[in-house]
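Notes to accompany the following structure.
Rule-based calculations on the coordinates, nothing more; no lab input. Computed from a predicted model, the values in this text were never measured in an experiment. Every residue, glycine among them, receives a Cβ derived from its backbone with ideal geometry; neighbour counts consider all protein chains shown.
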Amino acid sequence: MIRAAAPVNPLIQGSNPASIKQTNLATALRIIRRGGASRAEISRQSHLSRGGLTPIVNELLAQRLIVECESVETDSGRPPVLLRLNGRYAKVICVVWIRDQAAVALVGIDGSVQSLYQYPFQGGERAQDVIDMIVAEIARILARERDSLLLGIMAQAPGPLDAMSGVILNPSNFNGWQNIPLVEILSERFPLPVFLENNLVGAAVAEQHFGYGRDIADFIYIVVDEGIGAGFVLNGQLYQGKSRQISEVGHISLDIHGEKCSCGNTGCAEMYVTVPALCRRALQIGPAQSCDWAATLREVLRRAEQGDAACRRALEREAEYLGSLIVTLINIFDIDTVVLGSSITAAREALQAPLTRYVAERISARPMLEPHIYFSRLQRSSIVGGALRMFDFYIDGRLGTYAQVGERSAKALRAFAAQ
Ligand SMILES: [Zn+2]
């Protein structure tokens, strides 16, 4: 099957040093990670002869980064041996700290979640309590793992955050917690590479590998919950701006004569499109009142189903406001696929048809471009995507050479096994 994904560089042949070897290993891994590949398929995609490929595959097998599996496709004779990533050996510790809970998971490089510890907030926790929980759980994972390759720790949180220095800045509705230097805190405690990214980034990458973004080179991923953010996958690569923040599409103005937004602009999308904005319209909830918004959305959907006029109207408005934002983004990027993620996905049945209709009627590129709007069906996408991101860094050499990553992992496991 031919897939439109990230362009893969051809394997380099020649008699050059270790960097060429690592480049070739990385190229093979990029091909194999797309759901597995036979030797013939890797050879075809990498333009390297089977003979030239053999030492590369043997090296990956020896390093236990890949395993051999029998293919189930038996259309012509003996099935080819499929090479897959070895998620039971190479793993990433993923930390996701969001508004209502923190989670620590051990995830294979193939996206398999192998352990997951969730810590729902009761209210009244200090930031230090959450940090202590995260540190304790990571230490437990390190003590438990004996024979694994741990690539590092990928932490994710809502924005705004400073991905460069690894600091959670001042996310709204984040229990007043701010300016948390999470990378520094975890790096001091654990001898592993630590990164901090927006949790939307992980979710977008998971969607690219396992969701509606699979096999699609360009799509826009929009999270709609208590805020709005967007990630753009362009030519198979996640686009990241200069400050490595996500796109602040929530502050695109939908009404220049609207209310003043806290960002300084007027009539921002965030004031109309978020799940709280939808629920407030439907149930006349005052601006000062807070709720469990995911549960409130379910209530709005239930009432709309039963014919409640205000709830139905609020959902129609949501299709218009969100549709207007999507029209703007499609007009800028000339992309036909949009995937919506997070709590808004509960409203798939109510929104998909009116939203698609609204967008199709208004984008400039109609009728050449037919918009496809999907509601993500993935679970735990930030956690899974965090591991995929770290594996990207590993392949790209951002974590050092493969040998260095191996030595660092072994050292960390020894240190914590002894504790
Ligand atoms: Zn704004």
How far is it, in nm, from the label point at Q237 to the one at A417 when both lie 7 Å from their Cα along the line to the Cβ?
3.9 nm
Please work out how much length the chain gains when fully extended from R146 to D334, using 0.36 nm per residue of separation minus the C-alpha to C-alpha distance, in nm with one decimal.
62.8 nm
Cut-off is 10 Å between beta-carbons; in what order do H251, H257 appear when sorted fewest neighbours first?
H257, H251
Along the Cα→Cβ direction, 7 angstrom out, place labels at R302 and R84. What is the inter-label distance in nm?
4.0 nm
So for the chain, averaging the separation of alpha carbon pairs under 8 Å that are six or more residues apart and normalising by length, what relative contact order in percent results?
16 percent
For the range 119-127, Karplus-derived ³J(HN,Hα) couplings (6.51, -1.76, 1.60; θ = phi - 60°; whole Hz; x for glycine and proline) come out as 10, x, 6, 8, x, x, 5, 8, 4
Using 1/(1 + (r/R0)^6) with R0 = 30 angstrom and r between the beta carbons of N175 and Q284, what's the FRET efficiency to the nearest 0.05?
0.70
Output ordering of 318-328, 43-53, 222-232 (per-residue mean of other Cβ within 10 Å, highest first) is 222-232, 318-328, 43-53
For the range 157-300, with equal point scatterers placed on the C-alpha atoms only and solvent neglected, what are the log10 I(q)/I(0) values from the Debye formula at q = 0.08, 0.11, 0.14, 0.22 1/Å, to two decimals?
-0.27, -0.52, -0.82, -1.35
Cα gyration tensor of the range 212-375 - equivalent ellipsoid semi-axes, whole Å, descending:
25, 19, 15
Once amide H atoms are placed 1.01 Å from N in the peptide plane, what residues at a sequence separation of 5 or more from V339, or on another chain, have their amide H within under 5 Å of its amide H?
I220, Y221, I222, Y374
For the pair N58 and Q404, how long in nm is the line joining their label points, each one 7 Å along Cα→Cβ?
2.8 nm
Compactness of the chain - radius of gyration and Dmax, Cα, Å
23.0, 73
For 160-167, 208-215, ranked highest to lowest by mean beta-carbon neighbours within 10 Å, the order is 208-215, 160-167
Stokes-Einstein translational diffusion, the range 178-230 - Kirkwood Rh over all Cα pairs, 1.567 mPa s, 4 °C, in µm²/s:
97 µm²/s
Along each principal axis, Cα extent of the range 264-325, largest first, Å
38, 25, 16
Based on the mean of other beta carbon atoms within 10 Å per residue, what is the order of 188-198, 403-413, most packed first?
188-198, 403-413
Taking a quarter of the surface of the convex hull around the Cα atoms of the range 32-174, what do you get in nm²?
12.1 nm²
